[in-house]
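These notes concern the structure reproduced below.
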Amino acid sequence: MRGALLCLLMVSGCALETEPPVGPRIALAADFEGFQGWRRVALPEHSITEGHLSSEERYLYIDREAPELPEAFPTGTIVVKTIEVGPPEEWEIHAMVKRGDGYNAHGSVGWEFFDLRFDARERLSIAWRGLGDEATAYIDPTGQVRACSECHDLVPDRDFIFRRELLSEAE
């Protein structure tokens, strides 16, 4: 009888917790599926510096409403940037996921970077992930090799997203 009462108290105590604790968010390919249905905003021509200069159709997608500055994005936020030229398997697709939990502590704090790719059947996969190094970096207009975090580190006041103000316009 005492054991049953103790179990009942333990179970009811667990029910009092209203929100699960926030821990790190490790994104999988499935987390990006359907990003084209998320909130979207077109990027103005020549609005992104370094390895992303392009006058092609470029968009930012976000999986939730963007918080107002100076509030940081919550753990789990996913931002996808695309250059949509040709069929989807030829698109350039970059993403950032707010992983949290001290990830990338010496760079774009909390953020993990991704390149995504569609195959000919429009199935999405992760081409690479991480902080970005010379093997996965960009050549800027001056010929310098740049890693994702290296450039995004320049805007800590925007939680490491250059055109953050555009995300509030995403529909």
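Tabulated values for the structure
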| read-out | value |
| --- | --- |
| Residue satisfying all of: in segment 62-109; farther than 18 Å from E33 by Cα and either touching a Phe, Trp or Tyr at 6+ places or on another chain (Cβ under 6 Å) or polar (S, T, N, Q) (or both); surrounded by the most Cβ atoms within 10 Å (Cβ to Cβ) among these | S108 |
| Subset of segment 32-59 (residues that are among the basic types (K, R) and modelled with pLDDT of 90 or more) | R39, R40 |
| Cβ-Cβ under 7 Å pairs, at least 6 apart or on other chains, segment 96-109 side hydrophobic (A, V, I, L, M, F, W, C), far side part of a loop (DSSP other than H, G, I, E, B) and surrounded by fewer than 21 Cβ atoms within 10 Å (Cβ to Cβ) | V97/R25; V97/A27 |
| Among (1) modelled with pLDDT of 90 or more; (2) loosely packed, with under 12 Cβ neighbours inside 10 Å, the one test that A29 misses | (2) |
| Residues within segment 74-86 that are modelled with pLDDT of 95 or more and assigned to a loop (DSSP other than H, G, I, E, B), tallied | 4 |
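The values are calculated or read from the model by the stated rules, or taken from the named source; none is laboratory data. Predicted, not measured: the structure shown is a model, and the values here were computed from it. Backbone-built Cβ (ideal geometry, glycine too); neighbour counts: all protein chains shown.
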